[in-house]
Amino acid sequence: MKTMRGSNHTGMRQFNERTVLRAIRHAGAIPKADLARLTQLSTQTVSIIVNRLLDDGLLLKQDRIRGKMGQPSVPLSINPDGAYSIGLQVGRRSLEVVVTDFVGQMRHQWRQSYAYPSPAEVLPRIKEGLKLMQRRMGADAWSRTVGIGLSAPLAMHQWGDLMGPEAGKAMVDWEHIDLVQEVQALSTLPVEFAKDTTAACVAELVQGLGRDVPNFLYVYVGTFVGGGLVMDGHIVNGPRGNAGAIGSLPMPRGDGAKHPQLLERASGWQLEQTLMAAGHDPLLVQQDHIMDDSYATWTRPWLTQAAQALAMTVTSAAALLDLDAVVIDGSLNPLLMQALIAQTQQHLADFSFDGILHQPQILAGRVGSHARALGGSLLPLHAQFFPDKDIFLKQDNVA
């Protein structure tokens, strides 16, 4: 088992507490003696830390294990009710607010849809959602809430033009609004921010395939497609936060003068617009009915176009990065996502991986449509309780 080294030096109390908590998260229920070996802390140091964490309600004692030599051991586990965090996701089509417990499981969820995210509509709904979560949780649980993790697209005002003239006119107001500041004004809880696709990638890293896959490109297919990058088990953000921003990847030119981008080929937006033009509800993209044969006239061409574009993205990424896998997830209907992933795998046969180029696996994400809000909610828990401040948002460049 991999060790998680702590320190026996004075002045390291908080770091050692966090090291112990992380070790228990990774190992599961574990006795103090095994915990000391895993963290390489002294038995006395571990005993003091464990007693303090038990008093704080962050750990639970499990039933004694008998039948071995020596004294019966008492495994220790994370208390799910030890702490809570709020995840707040401002999307291009919806607002989502979730509550996550200390083991990262979602306890409460509230979602509101809109045609586009105008500040006049979104900001009051954020206030409403936070108040609703506080009521649902009750006073005791709310007192254990450590922060708000906010996720949203960067430069929100620039996305309006892609969503039509009406959206563009309403969303331009975001240029002069500091969303983090607006949310902070609504609560005494500290607010942590991450780009929406980065937050989704965090959720996959911590609660999904990231436990087994150390190097992957993360692809999130929502209203617009975007992504994130994980190398050596860390989120790689880049100096400007744009690492893994695959939506801007150039695609082969069609009839236009410019090369289109991936977001113009593999986003749910194109399918939504096609459905609307045919007189259908664009939100069908999130419903099982979208896979009915009656909608195949619109879904099949989109699936082919999006899968071809994603297959090219996988190949390009493999040429630049040494990846174990490409993980694809999204907010679209799970059946539609399954079809998209299957066709992307098929279209990989159109590309050559000769030479030293390693073909990464294509894997379906495990978190699903709540990934952006869930990932946001994990940020305050990480900031408060993890020893490595860079475990999620590492700024190292990838050569």
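Observations on the structure shown:
- Per-region count, segment 266-286, residues in a loop (DSSP other than H, G, I, E, B) and without any contact (Cβ under 8 Å) to a residue 12 or more places away in the chain: 2
- Qualifying residues in segment 126-172 (those that are β-branched (Val, Ile, Thr) and assigned to a helix (DSSP H, G or I)) - the one nearest to Gly244 (Cα to Cα): Val172
- Scanning segment 271-280 for residues being closer than 18 Å to Pro334 by Cβ and open to solvent by 70 Å² or more (accessible area, probe 1.4 Å) gives a total of 0.
- Within segment 288-333, the set of residues being assigned to a loop (DSSP other than H, G, I, E, B) and farther than 18 Å from Ala200 by Cβ comprises Asp292, Leu321, Asp322, Asp324.
- Residue that is nearest to Ala203 (Cα to Cα) [pool: residues in segment 349-364 that are in a strand (DSSP E or B) and of a type in the set (A, V, I, L, M, F, W, C)]: Ala364
The values are calculated or read from the model by the stated rules, or taken from the named source; none is laboratory data. In this text, all values refer to a predicted model and were calculated from it rather than measured experimentally. No Cβ is skipped: glycine too gets one built from the backbone with ideal geometry, and neighbour counts run over all protein chains shown. SASA here: full protein model, heavy atoms, side chains in, ligands and nucleic acids out. Shrake-Rupley method; radii C 1.70, N 1.55, O 1.52, S 1.80 Å.
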